1. Is it the case that the range 96-108 has a residue that's among the charged types (D, E, K, R) and modelled with pLDDT of 95 or more?
2. Can you go through 85, 73, 51 and tell me which one is farther than 23 Å from residue 106 by Cα, free of Cβ contacts under 8 Å to residues at least 24 places away in the same chain and under 11 Å from the mean Cα position of the chain (by Cα)?
3. Cβ contacts < 8 Å: first residue in contact (Cβ under 8 Å) with a residue 60 or more places away in the chain and among the hydroxyl-bearing types (Ser, Thr, Tyr), restricted to the range 96-111; second residue in a loop (DSSP other than H, G, I, E, B) and surrounded by 13 or more Cβ atoms within 10 Å (Cβ to Cβ), any location; separation 6+ or different chain. Result?
4. I'd like to check something: does the range 5-16 contain any residue that is within 21 Å of residue 106 (Cβ to Cβ), in a helix (DSSP H, G or I), within 12 Å of the chain's Cα centre (by Cα) and of a type in the set (Val, Ile, Thr)?
5. When the range 61-89 is examined, which residues are found to be hydrophobic (A, V, I, L, M, F, W, C), within 21 Å of residue 42 (Cβ to Cβ) and touching a helix residue (DSSP H, G or I) at 6+ places or on another chain (Cβ under 8 Å)?
6. Got at least one residue in the range 49-59 being modelled with pLDDT of 95 or more, part of a helix (DSSP H, G or I), polar (S, T, N, Q) and surrounded by 21 or more Cβ atoms within 10 Å (Cβ to Cβ)?
7. Suppose we keep only residues that are of a type in the set (Gly, Ala, Ser) and surrounded by 13 or more Cβ atoms within 10 Å (Cβ to Cβ) within the range 62-95. Which one would you say is nearest to residue 23 (Cα to Cα)?
8. From the set of residues in the range 25-40 that are in contact (Cβ under 8 Å) with a residue 60 or more places away in the chain and closer than 15 Å to residue 62 by Cβ, which is surrounded by the most Cβ atoms within 10 Å (Cβ to Cβ)?
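The values are calculated or read from the model by the stated rules, or taken from the named source; none is laboratory data. Since the model is a prediction, treat every value here as computed from it, not as a measurement. Glycine also receives a Cβ, built like all others from the backbone with ideal geometry; neighbour counts cover every protein chain displayed.
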Amino acid sequence: MFDAAIVADLRDLLPASEFDSLLRRAAETLPETVKELHQAWNGHDLSETRRQAHKLAGLAGNFGCNALMTAARGIEAACANGQTRPLKRLLQEIDGLLSPTLDALGRQRVEA
């Protein structure tokens, strides 16, 4: 679900305060992006749903949040192929992954 090695690499590259700031911003941005993803889907906008899924996948991947990244990539691929059937399940999966992902990121902070 979470690749701590990716975060460890970031931690090694940055001063502690910058690293923690980056994690805080990610923790703020992930829920916002999930909300925007839902809004796009609820608005029946597959193009925007795909764009938000792509954004979420990239952000999640940058921080080693592999399960969230995989689900977002699934949404992105489904939208690209015009396959709406798996989207509801994938959106529910993302909703279920968000809180554990944020918890995992929070545990990575240097200055707790």
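1. Looking only at the range 96-108, we keep the residues that are among the charged types (D, E, K, R), and these are 103, 107.
Filter once more, so that each one left must be modelled with pLDDT of 95 or more: none.
For the range 96-108, residues among the charged types (D, E, K, R) and modelled with pLDDT of 95 or more: absent.
2. Values: 85 fails: under 11 Å from the mean Cα position of the chain (by Cα); 51 fails: under 11 Å from the mean Cα position of the chain (by Cα).
It is 73.
3. Filtered contacts from the range 96-111: 101/2; 101/65.
4. Step one: list which residues in the range 5-16 are within 21 Å of residue 106 (Cβ to Cβ), which gives 5-16.
Next cut, in a helix (DSSP H, G or I) only: 5-13, 16.
In the following step, the residues that additionally are within 12 Å of the chain's Cα centre (by Cα) were identified as none.
The answer is no; no qualifying residue exists.
5. Quick first cut of the range 61-89, residues hydrophobic (A, V, I, L, M, F, W, C) only: 63, 65, 67-69, 71-72, 75, 77-80, 87.
Among the residues that remain, those that are also within 21 Å of residue 42 (Cβ to Cβ) are: 68, 71-72, 75, 77-80, 87.
Across the range 61-89, the qualifying residues are 68, 71, 72, 75, 78, 79, 80, 87.
6. Yes, the conditions are met somewhere in the range 49-59.
7. Pass one, the range 62-95, residues of a type in the set (Gly, Ala, Ser): 64, 67, 71-72, 74, 77-78, 80, 82.
With the extra rule that they be surrounded by 13 or more Cβ atoms within 10 Å (Cβ to Cβ), the set shrinks to 64, 67, 71-72, 74, 77-78, 80.
Values: 64: 12, 67: 18, 71: 21, 72: 19, 74: 24, 77: 27, 78: 29, 80: 30 Å.
The qualifying residue nearest to residue 23 (Cα to Cα) is 64.
8. Start the filter on the range 25-40 by keeping residues that are in contact (Cβ under 8 Å) with a residue 60 or more places away in the chain, which leaves 26-27, 30-31, 34.
Subset that is closer than 15 Å to residue 62 by Cβ: 26-27, 30.
Values: 26: 19, 27: 16, 30: 22.
Looking at the filtered set, the residue picked out is 30.
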